[in-house]
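Below is one structure, written out as structure tokens; comments come after it.
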Amino acid sequence: MENKKSKIFYGWFVVLGCIIITTTMVPPIMSLSNKFLIQVTTDMNISRGSFTLANTILQGLGIIISPMVAKKLAGGNMKKIQSISIIGFVLAYASYALAQSPIHLYISAFFVGIFYLNSTLIPVSMMVTNWFVKKRGLAMSLAMAGIGLGGTIFSPIVTMLLTNYGWRLTYVIMAGIILVCALPTSLFILRKSPADMGLEPYGAGESVASTSANKVEKGVKISVKESKGKLFFWVMIAGMVANGLINSGALGQFPPALEELHGVATQAAIISMYSSIGIFGKILLGWVNDKFGIVISCTFGCVMFGLAFVFMLLGQNVNMLYAMAVVFGLGNAIGTVVPPLVTAEIFGNEKYGEAYGMVNSATQVGLSLGSLMVASLYDLNGSYTTAWIILLGLTVVTLVGWLGSYALSKKFCSDYSKSCAELQFN
């Protein structure tokens, strides 16, 4: 039931709050961290590998603790956990400014990683899933669109700060911006679920009506623990690992590949192009999911993503790279938008928190290894050709993993013979 006392369902304010979180807290970790690389390595006289290892540690934590974080957030006071974690994140991020050696960067990265997991993508995806049954794809895509929006907004700001104030003060200033934007959002806007406000999820009334018309609520009826013994679970995990590999490989290695092919100016233009299109691409993918279902949205996203590698193989022609920017911008939402949607489709709302922790852990495995794998293939072969072919194949693995797990999970729905078979691939 929607809120009858307000013209605007409160869940959309939750989405707005999630956008603020993803805009301010995610880009400093995902897309802006390497902007500090040259100044930090030059000033501290350390290798680029030593600096990059800090972010590897941060990302690698997600492999180990994501399931624990998701379970704690699902069963605990999310507002309290998230708010404390935002404060911890800000302090840990600012502590990069105090580093005098690589070990100091690694200690800071360890704590940044813990607080990051507790305050950003995991709670955001859980809140959107809790608040929306109808238009969940749109709500999730809007929430995740903040990642691209933040990269667009803060990239020139960080560049200006680094130029004028140096890397140490830039870390502190960025930490202050995050604190001012994210903490009030967590305290005063975000709510874990509509039940906290005496509401029901958006579209819940329609879900009840459809159930009475011989349809069933989405999600398997076995526990997450029992699911680990079923094929659909491991097929899904394989798809998530492959998704992490192709996203990390593309986002991490497209920039140097573009520069090698056509120079810095073309590289900058194409990165700007696919970053901007990516904001729209996330919203489009969410709309496709709501309109046509999870099968079509997965297929659309993976086809667009796969085409990016095809165009990279043809990259000697600069026009092919601009075509790549379009399809990659439309498809790169599969890295952030689709995993929570697939998880919710297979496990339903009740088991979502526990299941998504494992999904995020599997995705982090791929994210930690993808860029390194592509760089190693380049070092081995002297070109990116083999890497793009492998990543194209892994895009197929991603799609097959998601659609295969969705199809295989159907027999674990309640009343499968009567209802789930009819709903398969709906």
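The values are calculated or read from the model by the stated rules, or taken from the named source; none is laboratory data. This structure is a prediction, so every number in the text was calculated from the model and none was measured. Because the Cβ atoms are built from the backbone with ideal geometry, glycine has one as well, and the counts that use them run over all protein chains shown. These accessible areas exclude ligands, DNA and RNA; they are computed on the full protein's heavy atoms, side chains included. Shrake-Rupley method; radii C 1.70, N 1.55, O 1.52, S 1.80 Å.
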Alpha-carbon Rg with Dmax, taken over segment 218-312, Å | 17.3, 54
Segment 301-408 accessible area per residue, 1.4 Å probe, protein heavy atoms, integer Å², reads 33
Among A257, A308, A74, which one shows the biggest mean-square fluctuation in a GNM of the chain, springs joining Cα atoms closer than 10 Å?
-> A257
Any chance you could run the full-extension gain for R48 through A268? It's 0.36 nm times the residue separation minus the Cα-Cα distance, nm to one decimal.
-> 77.1 nm
Once both label points are put 7 Å beyond Cα along the C-beta direction, the I189-I177 separation in nm becomes 1.6
Residue-normalised accessible area of segment 1-104, expressed per residue, 1.4 Å probe, Å² = 48
Radius of gyration and Dmax over the Cα atoms of the chain, both given in Å = 21.2, 68
Once phi is turned into θ = phi - 60°, what whole-Hz ³J(HN,Hα) does the Karplus curve with 6.51, -1.76 and 1.60 give for every residue of segment 398-412, x standing for Gly and Pro?
-> 4, 5, 4, x, 5, 5, x, 5, 4, 5, 5, 6, 4, 6, 9
Among T336, T23, T266, the residue with the largest mean-square fluctuation in a Gaussian network model of the chain built from Cα contacts under 10 Å is T266
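Compute the Kirkwood hydrodynamic radius of segment 238-286, taking the inverse of the mean of 1/r over all pairs of distinct Cα atoms, and give it in Å to one decimal.
So the Kirkwood estimate lands at 12.0 Å.
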Counting helices only, and only those DSSP H runs with n ≥ 4, report the 222 nm mean residue ellipticity of the chain as the sum of -39,500 (n - 2.57) divided by its residues, in deg cm²/dmol to the nearest 500.
-> -26500 deg cm²/dmol
Restraint check, K230/K291; K225/K411; K71/K221; K135/K410, Cα-Cα greater than 26 Å = K230/K291
Length gained when the stretch L313-E260 is fully extended (0.36 nm per residue, less Cα-Cα span) | 17.8 nm
Give me the distance between the Cα centres of segment 331-381 and segment 12-62, rounded to whole Å.
-> 18
Extending each Cα 7 Å along its Cβ direction at K7 and L231, get the distance between those two points in nm, one decimal.
-> 5.4
At q = 0.11, 0.13, 0.14, 0.18 Å⁻¹, what is the base-10 log of I(q)/I(0) for segment 142-293 according to the Debye formula with one equal point scatterer per Cα and no solvent? Please give it to two decimals.
-> -0.80, -1.04, -1.14, -1.35
Could you give the dipole magnitude of the chain about its Cα centre, charging the beta-carbon of Lys and Arg +1 and that of Asp and Glu -1, in debye to the nearest 20?
-> 1020
Mean Cα-pair separation over length for the chain, i.e. relative contact order, pairs under 8 Å, 6 or more apart, % | 25
In whole percent, how big is the carbon plus sulfur part of the accessible area of the chain, probe 1.4 Å, protein atoms only?
-> 66
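Please give the net charge around L187, taking every other residue with its beta carbon less than 15 angstrom from that of L187, where Lys and Arg add +1 and Asp and Glu add -1.
Around L187, the charge tally is +3.
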Computed over segment 10-161, Cα set: Rg, Dmax in Å | 16.2, 53
Rounding to the nearest 20 debye, state how big the charge dipole of segment 71-193 is about its Cα centre with +1 on each Lys and Arg Cβ and -1 on each Asp and Glu Cβ.
-> 620
Among S297, S272, S85, residue whose mean-square fluctuation peaks in a GNM of the chain (springs only between Cα atoms under 10 Å) = S272
Magnitude of the Cβ-charge dipole (Lys and Arg +1, Asp and Glu -1) of segment 218-327 about the Cα centre, nearest 20 debye, reported as 680
Using Cα atoms only, what is the angle between the long axis of helix 11-25 and the major principal axis of the chain, expressed in degrees (0 to 90) to the nearest 10?
-> 20
Specify the inter-centroid distance of segment 285-310 and segment 140-188, based on alpha-carbon positions, in whole Å.
-> 29
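Let's test the formula: R0 of 51 Å, r as the Cβ-Cβ distance of Y106 and K291. What FRET efficiency results, to the nearest 0.05?
Values: r = 46 Å, r/R0 = 0.89.
For Y106 and K291, the calculated efficiency is 0.65.
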Quickly work out the L91-to-I64 label distance, labels modelled 7 Å from Cα along the C-beta direction, and quote it in nm with one decimal.
-> 2.1
